[in-house]
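Quick note: the coordinates plus some simple rules give every number you see, no bench work behind them. Note that the structure is a prediction, hence the values are computed from the model and not measured. Here the Cβ positions follow ideal geometry from the backbone for every residue, glycine too, while neighbour counts run over all protein chains shown.
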Amino acid sequence: MSWFTESNRWKHFLGGFILGLLSLGDWYTALLVGLTVSAALELKDKLWGGRWDSIDFAITVFGCCLGYSVSLIIKTFLI
């Protein structure tokens, strides 16, 4: 689990998860939000002298997709 705490990856996952929960629409919307925000975060890191981290990018997108899945399950069974 040390790789998950490295480079604030848990924050990438959590942020993506919250974005996925709040995505109102369909899978396309959630995926577009996840990809856009992930790219923006990695660009910010690159512009501030860091490096592009593909794992952070993927974890943010995965968190967004998982968050949307949870949102879809909640909408299906509770509403």
Quiz item: Inside region 37-79, can you point out the residues that are more than 19 Å from residue 17 (Cα to Cα) and not aromatic (Phe, Trp, Tyr)?
Solution: 43, 44, 45, 46, 47, 49, 50, 51, 78, 79
Quiz item: Before we move on, is residue 21 within 9 Å of the chain's Cα centre (by Cα), surrounded by 14 or more Cβ atoms within 10 Å (Cβ to Cβ) and assigned to a helix (DSSP H, G or I)?
Solution: no
Quiz item: What is the number of the single condition among (1) part of a helix (DSSP H, G or I); (2) small (Gly, Ala, Ser); (3) exposed (fewer than 13 other Cβ atoms within 10 Å of the Cβ) that residue 49 does not meet?
Solution: (1)
